[in-house]
Amino acid sequence: MSQAQTASMTGAIWAIAAVTCFSTNDVLIKFLSSGYALHQVVLIRSIFGIAFLLAILVPLSGGFATLRTRRLGMHLLRGLCVVFANICFFLGLAALPLAEAVAIFFVAPLIISVMSVVFLGETVGPRRWLAIALGLVGVAIVLRPGTEAFQPAALLPLAAAFGYASLHILTRRIGGTENATGMAFYIQLTFLATSAAIGLALGDGRFAGGGHPSLEFLFRGWIWPASFDLGIMGAAGLMTAIGGYAISQAYRQSEAAFVAPFEYAAMPMAVIGGLVVFGEWPDLWAWLGIALILASGLALIWREAALRRATPSRPPAHR
C-alpha cells in the first residue's frame, strides 16, 4: 500500500474504534437519562475521562508536553462544538428510540463531506453528491415531518449533527500541528467546565417537573448517584476519552470525506443496543430511512475506494 492508502486505512480503523466507544456511551447515557440530570452525568463522566487521559493516554503519548498548545482558542471552539452536539443529542436520546436518534444524527457525516468541500478544498464528485442526497432522503423519512409520527425532540439530534460536523472540520484545520491526546484532553476540559457551570445554574432542580423526558433530563436536580450508576458514569467517561482520542486520530490521518462514512458502523450498533437494552425495534418507515442512510454511506465508501484506485499515490492532505 502507498503512504496515502495506509494513512486512509489507519484513519478508517480509528474511526470504527471511536464509533464503538461512542455507541457504548450512547447506551449508557440513555440508561441514566430517567434518573439523573444530564449536566451531572456529563460532569462525573468528564472527571473519569480526564483522569483516564492523564493517567494512561498522556504518559503513553509523550507526557504532559503533549498538552502544550499555541492554539488554545481553536481547542476551546472545538470543545464548545462537541458540548453543543452532545447536549442536543443526549436530550433527544431521552425522548427517542436509540436507533432513530442515531439515524437522524447520521446527517452529520453527510454535512462533514459537504463542509470538507467548502472549508477544506477537498473534492466530492457527482456520484458522491448523489449518495449524500440519498442519505438526506433517508434522514427525512426517519424524521417524518408533517406527520403524527414526527416529534419535535427529533430535531435535537439534527442540531447535534451540525455541531459534530463543525467539530471535525476544525479537527482537520488544526490536525497538522496538534496531537490527538491534546485534542481529546481539551474537549474533556470543556465538558467539565460547561457541565459544572450548568449544574451551578440548574442543579437545584427548580425548573424540573414539566414531564417531557428531554426537559426533565435537562432540568432535573442533582442527587447522589448509586454505586452501580456511578460505575456506569465512569464507564461512559472511559468510552468518551478513548473515543475522543480515536476520532481525533482518524480525522488527523485521513481526508474528512473518506473517514466520515465509516462512522455509519454506529447504526447497526444502535439497533442492537436499543433492542438488547431497551427492547426497542424500529418500525417499517424507520427501517426504510435507516436503509437509505446506510446505502448512502456504503456508496460513499465504494466511490472513494474506486477514486483512490484510479488516482496516482499522493501524501495525505495534512502533511
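The values are calculated or read from the model by the stated rules, or taken from the named source; none is laboratory data. A quick note: this is a predicted structure, and the numbers were derived from the prediction, not measured. A quick note on method: Cβ atoms are made from the backbone with ideal geometry, for glycine too, and the neighbour counts reach across all protein chains shown. Surface accessibility is based on the protein's heavy atoms, side chains included, excluding ligands, DNA and RNA. Shrake-Rupley method; radii C 1.70, N 1.55, O 1.52, S 1.80 Å.
Some notes on this structure:
- Residue match in region 140-148 (condition: under 13 Å from the mean Cα position of the chain (by Cα) and of a type in the set (A, V, I, L, M, F, W, C)): no
- Within region 28-37, the presence of a residue that is assigned to a helix (DSSP H, G or I) and either under 17 Å from Ala193 (Cα atoms) or of a type in the set (Ser, Thr, Tyr) (or both) is excluded.
- Here Thr181 meets each of (1) assigned to a loop (DSSP other than H, G, I, E, B); (2) polar (S, T, N, Q); (3) buried (at least 19 other Cβ atoms within 10 Å of the Cβ) with one exception, condition (1).
- Some residue of region 8-20 being among the aromatic types (Phe, Trp, Tyr), assigned to a helix (DSSP H, G or I) and more than 15 Å from Met183 (Cβ to Cβ): no
- In region 219-234, residue nearest to Cys88 (Cα to Cα) [restricted to those that are assigned to a helix (DSSP H, G or I) and open to solvent by less than 40 Å² (accessible area, probe 1.4 Å)]: Met233
- Among the residues here, Phe84 qualifies as open to solvent by 50 Å² or more (accessible area, probe 1.4 Å), touching a residue at least 40 places away in the same chain (Cβ under 8 Å), in a helix (DSSP H, G or I) and among the aromatic types (Phe, Trp, Tyr).
- Thr123 meets the conditions (1) of a type in the set (Ser, Thr, Tyr); (2) in a helix (DSSP H, G or I); (3) more than 17 Å from Leu167 (Cβ to Cβ) in every case but one. The failed one is (2).
- Ala159 vs. criteria at pLDDT 85 or above, within 18 Å of the chain's Cα centre (by Cα) and open to solvent by less than 10 Å² (accessible area, probe 1.4 Å): no
- In region 235-285, the residues that are closer than 23 Å to Gly79 by Cβ and open to solvent by 30 Å² or more (accessible area, probe 1.4 Å): Ala235, Leu238, Met239, Ile242, Tyr245, Arg252, Gln253
- Among the candidates Ala99, Ala108, residue that is on the phi < 0 side of the Ramachandran plot, in contact with a Gly (Cβ under 7 Å, 6 or more places away or on another chain) and crowded, with 21+ Cβ neighbours inside 10 Å: Ala99
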